[in-house]
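**Q** The structure under discussion is supplied below as structure tokens; questions concerning it will follow.
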């Protein structure tokens, strides 16, 4: 896998005017995140601000694609993933100040055997209609909840070790396979 933190990315980061803020966001998705009235939802957080921010999700996203959505001011941080040959990049993600309103959903997520997905995006304050970086999708494993802090290990899905083709062709479904 190539290094995502390229010279072009570094140049773009360094060339942001001082009057423009960069908002880092994270979106957590899990099949257990379902509201009785509204249906499936995701937990959306923005770091580095004390007020909720509205950003447009890119068209084609699984949830709310093309819509303006609110990201709540929930502090989170992570180190950049280490990129080295032969390994899948991983990093620890820590989300602080998880409110009591989310605890039941997070506890429900521990009861369902499914991957939690974290989507990282960055927005510039001069254009909130499209991410300036991302979306980058990660699988979150080894999630723990300590008080009001969630910790997990995020990694890019390991496509090299996936079964291919993923579909199983059976004789009952495809009788023409018999010669």
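Laboratory data are not the source of any read-out in this text; all were calculated from the coordinates shown. Only a predicted model underlies this, so the values are computations on that prediction, with no experimental measurement involved. All Cβ positions, even for glycine, are placed from backbone atoms using ideal geometry, and neighbour counts span all protein chains on display.
**Q** Output the peptides 127-136, 30-39, 69-78 sorted from most to least packed, where packing is the average of other Cβ atoms within 10 Å over each peptide's residues.
**A** Going by the mean number of other Cβ atoms within 10 Å, highest first, we get 69-78, 127-136, 30-39.
**Q** Mind sorting 24, 97 by how few other Cβ atoms lie within 10 Å of their own Cβ, fewest first? Before the final figure, lay out the partial values.
**A** Numbers: 24 19, 97 14.
By the 10 Å Cβ count, ascending: 97, 24.
**Q** Compute the projected area of the convex hull of the Cα atoms of the range 7-177, averaged over all viewing directions, and report it in nm² to one decimal place. Could you put the intermediate results ahead of the total?
**A** Values: hull surface 56.3 nm².
Hull-based average projected area comes out at 14.1 nm².
**Q** Once you put a point 7 Å from the Cα of residue 38 and another 7 Å from the Cα of residue 19, both along the Cβ direction, what distance in nm separates them?
**A** With each label point 7 Å from Cα toward Cβ, the separation is 3.4 nm.
**Q** Taking 8 Å as the Cα distance limit and 6 or more residues as the minimum spacing, I'd like the relative contact order of the range 1-150 as a percentage.
**A** Values: 251 pairs, mean separation 39.3, N = 150.
Rounded, it is 26 percent for the range 1-150.
**Q** Using the alpha-carbon centroid of each, what span in Å lies between the range 13-33 and the range 91-115?
**A** The range 13-33 and the range 91-115 have Cα centres spaced 20 Å from each other.
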